[in-house]
Amino acid sequence: MKRYYITTPIYYVNSVPHIGTALTTIVADACARFQKRRGRTVYFLTGTDENAPKVHRVAQERGVPTQQFVDEMAEAFEGAWRALHIEYDVFIRTTEARHKQVVAEVFRRLRDKGDIYKGSYQGWYCVSCETFFASSKVDESRACPDCGKPLEWRDEPCYYFRLSAYESRLKEHIAANPHFIEPEVRRNETLGFIAEGLQDIAVSRTGTDWGVPVPDDPESGVVYVWFDALLNYLTATGWLERDDYTDAWPPDLQLMGKDILPRFHATIWPAMLMALELPLPERLYGHGWWIVNKQKMSKSLGNVYAPLEVAESLAQAAGCETPYAVDAFRYYMLREMPTDSDAEFSLEGLETRYNGDLANDLGNMLHRTLSMMHRYFGGRVPDGARVDAGLADLFAQQAARVADAYEAVDFPRGLREAWQIIGAVNRYYDEQAPWTLMKQGDTTRAGQVLYAGLIAARLLSALVEPAMPQVAREIARQLGVGEVPPWSEASAMDALPAGHALQEPKPIFPRLQAKPESKPSPAPPAQPTPQQGAAPMQDTITIDDFKRLQIRIATVVAAEPVPKSTKLLKLTLEVGGETRTIVAGIAEDYTPDQIVGKQIPVLVNLQPALIRGIVSEGMMLAADVDGKAVLLHPDREVPSGSIVR
Ligand code: ME8
């Protein structure tokens, strides 16, 4: 039977894992876990790209034999991934003999059929990117158009791969398979890249003997590292070694960052497979990048974060067990995952999500439910417990939405949908007040209300497992169910029979206390400052500055006062099919009833902030009239999510 085959890129071992490589690997792990939960047999591949000249160079600089260096680095990668709870099936290394055989065999086959031919190269070469550039792409600075480092002039015989021959077939394949390249922005980037015209590419390099030697022609040096590296996906299936390699081939999902998608994975790679007459991958997904303080991460800026250090410092600051802090880090990576565009990584952002989504929402819901079950029912599911139909429908509907989003590799959306369940349970508790029902002696009804919380927690253990496997297991343990339920059984509303014994509640995510030097909670968004309306307009901004603001029309679907605050309302918004929560400082000017159903403009790409324990994901815009907020509406009803510009 065909296995669901997922790959990450194989990583260069010239530096250790960082939050960028961790992102791709965690996303792949979450996809793999999700597919397994849904009952598929998964084959998840990751590994290391060890034949690159830059890897050899770093080993030499450190005075370590290159083989020893790559052995140590591969171990460091495997160790880091295991510590991040990544459960791959194969870890491939391109220095393995079986991979070198595949590269040599592919090179021979394509040379025999004329898709690889010998020529000579004269032009500019970037040692860092391992890429040749046509003179037309290089200006007087002689700097690499991609990375800016100085280029070297090369004049040497070399082999070419006939990429140009596949231009029209590639275009046709992309047009006929709308899901081949995702998200859409990457598809468009690829089409733009191909539209510039494909040139044959040099696939051999002289000047180094580190790599896979060009077969039968040692004078020609080694095979170009990208031509070699891309073939790892084929090696890992056992191609050449076993006939039934097709139980994995072709890949169902190949994940990577945006930088290595258009040219390498969506052009050169499928063209190589076309030349080999092998089926193409089903889907290529290229995520955006983490940026730090609005800048690209780089060693020279000192803004490169090591994932395990980040998780460990969170564990220490919060007093949380390390495996749960690692899961919190994974949650943050997926919840804030850059999909179409780049996203800001920050420790403050991680802390906000930790305190808001994990400590206040998920952790608190589980803890209060189990505590009440123990206090009122001796820790056992009472007789006659069932989930109200409305809530049962909502749970099933949200589970379906989560699945849909995870399938689309849209973890921010999936997790947002999962958290709707927590919001619904908390609202249900507030409405039904099981504590009051107990005082009134209505234990049957109180038991039913809390049972809904237990069923929600059981369902959530399954829904969060791809992101937080250890946390999911701990939720299942506290619920006394042993195993996290598979997807098909997760929405069962009668999963916990009367008499079922629950474990003692144990906080998974202790709250992070504000550091002494840190300021109190930020001022609520949309809190108008007096005089603002009268202030002169100053400090012009460019149109590009303005374009960075994403303002959209949202529909307010629910509004409620924020406890212990006279000024704040918690608004649940629907923005173009997505649900989000914001906290707005308008409670003195509007009641919840006055705002529900209204369409309002919202700044949606504001960094989330924790306000009174609620993660606020945006800011509503209102007119400021003498310090009072006055709502703004579109002139007529518009589709929710409409862009304001
Ligand atoms: O490219 N944010 O390996 P690599 C998000 N060996 N992702 C980032 C990132 C950031 N700031 N920085 C890097 C290679 N990445 C080749 C791949 S595959 C046949 C060969 C991601 O170690 C990047 O987009 O440079 C890519 O997916 C991976 O890390 C690059 O790892």
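The numbers here are math on the coordinates, done by the rules we state, and not lab data. Remember, predicted model here, so these are calculated numbers, not experimental data. All Cβ positions, glycine included, derive from the backbone under ideal geometry; neighbour counts span all protein chains shown.
Would you please name the GluC sites (Glu not before Pro) within the stretch 110-208 that are DSSP coil residues with at most 12 other C-beta atoms within 10 Å of their C-beta?
140, 196
Set the Förster distance to 51 Å, then compute FRET efficiency between residue 596 and residue 82 from the Cβ-Cβ distance, nearest 0.05.
That pair, residue 596 with residue 82, gives E of 0.60.
Rounded to whole Hz and in sequence order, give me ³J(HN,Hα) for the stretch 63-77 from the Karplus expression 6.51 cos²θ - 1.76 cosθ + 1.60, θ = phi - 60°, writing x for Gly and Pro.
x, 10, x, 4, 4, 5, 4, 5, 4, 5, 5, 4, 5, 5, 5
May I ask you to sort 179, 99, 18 by Cβ crowding, counting other Cβ atoms within 10 Å and putting the fewest first?
So the ranking, lowest neighbour count to highest, is 179, 18, 99.
Give me the percent relative contact order of the chain, please, defined on Cα pairs under 8 angstrom at least 6 residues apart.
12 percent
What is the Cα centroid distance between the stretch 374-432 and the stretch 173-192, reported in whole angstrom?
36 Å
For residue 549, project a label point 7 Å along Cα to C-beta. Then give me every residue of the stretch 337-351 with its amide nitrogen under 20 Å of that point.
344
Helix 184-195 versus the longest principal axis of the chain: what angle, 0 to 90°, nearest 10, using Cα atoms?
Once rounded, the angle reads 20 degrees.
Translational D (Stokes-Einstein, µm²/s) of the chain at 10 °C and 1.306 mPa s when Rh comes from the Kirkwood sum over C-alpha pairs?
Estimated via Stokes-Einstein, D reaches 58 µm²/s.
Return the calculated 222 nm mean residue ellipticity for the chain, to the nearest 500 deg cm²/dmol, obtained by summing -39500 (n - 2.57) across DSSP H runs with n ≥ 4 and dividing by the residue count.
When only DSSP H runs of four or more count, the value is -11500 deg cm²/dmol.
Report the net charge of residues surrounding residue 240, where surrounding means a beta-carbon distance below 9 angstrom and charges are Lys +1, Arg +1, Asp -1, Glu -1.
After counting each charged neighbour, the total is 0.
Starting from the Cα of residue 598, draw a straight line to each of the lysines and keep only those under 27 Å, dropping any in the same chain fewer than 8 residues away.
List returned: 547, 564, 567, 570, 628.
Measure out, as a whole number of angstrom, how far apart the alpha-carbon centroids of the stretch 264-288 and the stretch 8-87 sit.
Distance between centres, Cα-based: 21 Å.
Taking the Cβ of residue 277 as the centre, find all other residues whose Cβ is under 11 Å away and add up their charges (Lys, Arg: +1; Asp, Glu: -1).
+1
Give me the net charge for the shell around residue 562: Cβ to Cβ below 9 angstrom, other residues only, Lys and Arg +1, Asp and Glu -1.
Taking every other residue near residue 562 into account, the sum is +3.
Please label the shape of the stretch 230-381 as rounded, prolate or oblate, based on the square roots a ≥ b ≥ c of the eigenvalues of the alpha-carbon gyration tensor (a/c under 1.5 means rounded; beyond that, a/b larger than b/c means prolate, else oblate).
oblate
Would you work out the charge dipole size for the stretch 543-631 about its Cα centre, treating the Cβ of every Lys and Arg as +1 and the Cβ of every Asp and Glu as -1, and quote it to the nearest 20 debye?
Approximately 180 debye in magnitude.
Shape of the stretch 360-490 from its Cα gyration tensor (a ≥ b ≥ c, root eigenvalues): rounded if a/c is under 1.5, otherwise prolate when a/b > b/c, or oblate?
Prolate shape, in that a/c is at least 1.5 and a/b is the bigger ratio.
For the chain, find the longest principal axis of its Cα atoms and tell me its angle to the long axis of helix 53-62, 0 to 90°, nearest 10.
80 degrees
Let me know the shape class of the stretch 258-298, please: from the alpha-carbon gyration tensor, a ≥ b ≥ c as square roots of the eigenvalues, rounded when a/c is under 1.5, otherwise prolate if a/b is greater than b/c, or oblate.
Note, shape of the stretch 258-298 comes out prolate.
Once you have the alpha carbon radius of gyration of the stretch 222-279, what is it after dividing by 2.2 N^0.38 Å, with N set to its residue count?
That works out to 1.14 for the stretch 222-279.
Within the stretch 239-310, which GluC sites (Glu not before Pro) sit in a loop by DSSP and count at most 15 neighbouring Cβ atoms inside 10 Å?
241, 277, 282
How many percent of DSSP beta bridges within the chain run antiparallel, rounded to 5?
The answer is about 70 percent antiparallel.
Report, to the nearest 10°, how far helix 469-478 tilts away from the longest principal axis of the Cα atoms in the chain, using its own Cα long axis and a range of 0 to 90°.
Taking Cα atoms only, the helix is inclined about 30 degrees.
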